[in-house]
């Protein structure tokens, strides 16, 4: 069994799709890849995957990820190409990497927001939000990385 | 783009207006000769997974000379924004206004949509009538047009029957009449309308005298193997595969049997290929084998047995709707039990032998009770039963038979959910001339059954719902005039619809219960079933009805 972390972006029109609908699309994309995933043992054989924390509606991201477990290893770039080919438009796979051991969970996310001030050039504001702090981020913003 | 996203974020489920779905097709606008917009009269969450729309979308986009885009009824918050001028009703693929298209097709899955048409036209910024050639050709199809008389004034043409081949012929005609503009000049429009009226199954108001239902064979190439995956979770959240069209039974109350006739069966190998290819392409977790009576599909055992190992391995659930209350259905259900829990819903309609003979649907209570015991032994705990009330010739004794039967089924140890549907006589059936029950009597009957079956979960639509359904189903030009002139509203409840009719001077209950026993029927120019055959069929049971 190997653990794979798939990093993808969520951009364009897909930012209008909520977290649960996005998870539905990812689950369907995983099924389309044809790779042999570790699944639950119930009726539904749910593919086990862990995802990054929910992204607020309307916020873009270039650092979303899901962790999946594959029953067997695949040679070369097969894993990346299968994911890249089957993710829906708007969710673009950036990289896939094999994780050894336990991946630490993210504690905070860094967002960038472009603000325009009168008479000045647009300025990019960076903000780090710790999960559970209750702070909200809204459109237009981009999640650029997680703090581990 | 950023501005559009910012605007859409203020509405509920904004992804439904965004388009760009997986497997949606966006063709180059200028390079394509004919532009068709398919409009669903229900909201995205309900209509996006519609099989009929998906088949037509696939057929039109398979042609190099045509493009097809989709649009759905907006949700209330978006409707308000469109009416106030803040937003526009746009197609999902290229975000264009309906007026930019050459042809607009509105599918009418049921007659209940008729009341929404004035508002839908208003959202699309297209007048309901008196359109000149600068507007797209408005066409309609689907089971709702089996009696299109009440909405005849809204459309330029109707497709009665299967749309697969008729739509192709319509596109050919549109291309032939006025190549680039698809009939956008007065002469082009006239010749297009005449050409459309020559197509089998197409009715053009003002030109055609009558129309005969069209049907086609279920060809593999008509079926989309990569149906559009909606942006948001829809009510039909699974892959829907049509196994056959038509129904082998002859229930006298059923309009769908006549509308979808004759029975056409998809060959098992082709069906298996469609199932496997579609599941691999889309990644759906659920599969539904649909038809008017799936357990009666002749190759059901072979198909189910051969797909079960794949479904089991991949955790895909299988649903077989439209279970007929007979042994075959139980066998079918038992086969799919290892896959998933099945919702058991049976529609015997009535348990009275006399009524069963009248409606032409025979479900002996002893056999049904035995089936329920088997189902209980197999581990099921609940069952849904659909019965009809107010059938022609129904007496108190028949209602008693139904009550007794439900009590017997409960003794089998199953939790029964009973749905009582007031019988609505439908056009193109042997009961098309039967008069509607009295609403007060119906309420009494429903009250009595609920009293007798205390402890059973009894559900039923109101008699008002059935009155409105009957008024629309057997409507004529008089109703059409009211619909054409009604304001752009979305009446949701039946009482609101009845109020609209009342304000226009039409008593819905009296209109629905008007006498059809003699004379010409309003829908006689729509030839769906052989009328003399229907009359003969009715004669067979006339003595029983009394």
Would you kindly work out the equivalent ellipsoid of region B:332-396 from its C-alpha gyration tensor and give its semi-axes, the square roots of five times the eigenvalues, largest first in whole Å? 28, 11, 10
In terms of the ratio Rg/(2.2 N^0.38 Å) built on C-alpha atoms, what value belongs to region B:1-91? 1.15
If I build a Gaussian network model for chain A, linking alpha-carbon pairs within less than 10 angstrom, which residue out of A:73, A:92, A:21 has the largest mean-square fluctuation? A:21
Treating the angle as unsigned and between 0 and 90°, give the value, to the nearest 10°, between the Cα long axis of helix B:531-545 and the longest Cα principal axis of chain B. 30
Stick to Cα atoms and the Kirkwood definition of Rh, then tell me Rg/Rh for the protein assembly as shown. 0.99
One finds, for residue B:100 and residue B:237 with R0 = 35 angstrom and r their Cβ-Cβ distance, a FRET efficiency to the nearest 0.05 of 0.65
On a 0 to 90° scale, report how tilted helix B:327-336 is relative to the longest principal axis of chain B, with both axes built from alpha carbons and the result rounded to the nearest 10. 70
Given that compact globular proteins tend to follow 2.2 N^0.38 Å, what is the ratio of the alpha-carbon Rg of region A:108-147 to that value? 1.28
Semi-axes in Å, largest first, for region B:425-524 (Cα gyration tensor, √(5λ)) are 27, 19, 11
Computed over region A:2-99, Kirkwood Rh from alpha-carbon pairs, angstrom: 13.7
Rounded to one decimal in nm, the spacing of the 7 Å Cα→Cβ label points at residue A:57 and residue B:269 is 5.0
Here, residue B:65 and residue B:88, labelled 7 Å along Cα→Cβ, have an inter-label distance in nm of 2.9
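How do B:386, B:223 line up, fewest other C-beta atoms within 10 Å first?
By the 10 Å Cβ count, ascending: B:386, B:223.
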Highest GNM mean-square fluctuation, chain A, Cα pairs closer than 10 Å: which of A:64, A:135, A:72? A:135
Residues listed by number, region A:61-101, amide nitrogen under 17 Å from residue A:38 label point at 7 Å toward C-beta: A:66-74, A:97-101
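How big is the Rg/Rh ratio for region A:73-119, C-alpha atoms only, Rh by Kirkwood, two decimals?
Values: Rg = 17.3 Å, Rh = 14.7 Å.
Here Rg/Rh amounts to 1.18.
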Can you list the equivalent-ellipsoid semi-axes of region B:2-212, largest first and in whole Å, using the square root of 5 times each Cα gyration tensor eigenvalue? 27, 19, 16
At R0 = 35 Å the Cβ-Cβ FRET efficiency linking residue B:207 and residue B:542, nearest 0.05, sits at 0.40
How high is the relative contact order of chain B, given as a whole-number percent (alpha carbon pairs under 8 Å, six or more residues apart)? 14
Rg and Dmax of region B:250-405 over Cα atoms: what are they, in angstrom? 17.5, 54
Normalized C-alpha radius of gyration of region B:344-546, against 2.2 N^0.38 Å? 1.14
Could you tell me what percent of the DSSP beta bridges with both partners in the protein assembly as shown are antiparallel, to the nearest 5? 45
Extension gain, residue A:113 back to residue A:95 (0.36 nm per residue minus Cα-Cα distance, nm): 4.1 nm
Modelled label reach - residue B:280, point 7 Å along Cα→Cβ, region B:210-237 residues with backbone N closer than 17 Å: B:224-227
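Quick one: plug the Kirkwood hydrodynamic radius of region B:355-433 (C-alpha pairs) into Stokes-Einstein at 20 °C, 1.002 mPa s, and report D in µm²/s.
The calculation lands on 154 µm²/s.
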Mean projection area, nm², convex hull over Cα of chain B: 25.2
Estimated distance in nm for a label pair at residue A:11 and residue A:81, the labels positioned 7 Å out from Cα along Cα-to-Cβ: 2.4
Can you bin every Cα-Cα distance in region B:238-342 into 10 Å intervals starting at zero and give me the percent of pairs per bin, rounded to whole numbers? 15, 49, 29, 7, 0
State, in angstrom, two size descriptors of region B:195-242 derived from its alpha carbons: Rg to one decimal place and Dmax to the nearest whole number. 17.0, 44
Measuring from the longest principal axis of the C-alpha atoms of chain B, the long axis of helix B:163-177 (C-alpha) lies at a number of degrees, nearest 10, equal to 20
Can you give the translational diffusion coefficient of region B:78-144 in µm²/s, computed by Stokes-Einstein from the Kirkwood radius over Cα pairs at 37 °C and 0.692 mPa s? 255
Using Cα springs under 10 Å in a Gaussian network model of chain A, which residue among A:131, A:121, A:87 shows the largest mean-square fluctuation? A:121
Dividing the helical contributions, -39500 (n - 2.57) per DSSP H run of n ≥ 4, by the residues of the protein assembly as shown yields a 222 nm value, nearest 500 deg cm²/dmol, of -10000 deg cm²/dmol
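Bear in mind these aren't lab numbers, they're just calculated from the coordinates by the rules spelled out. Quick caveat: nothing in here was measured; it's all calculated off a predicted structure. Cβ coordinates were reconstructed from backbone atoms using ideal geometry, including for glycine residues, and neighbour counts include every protein chain displayed.
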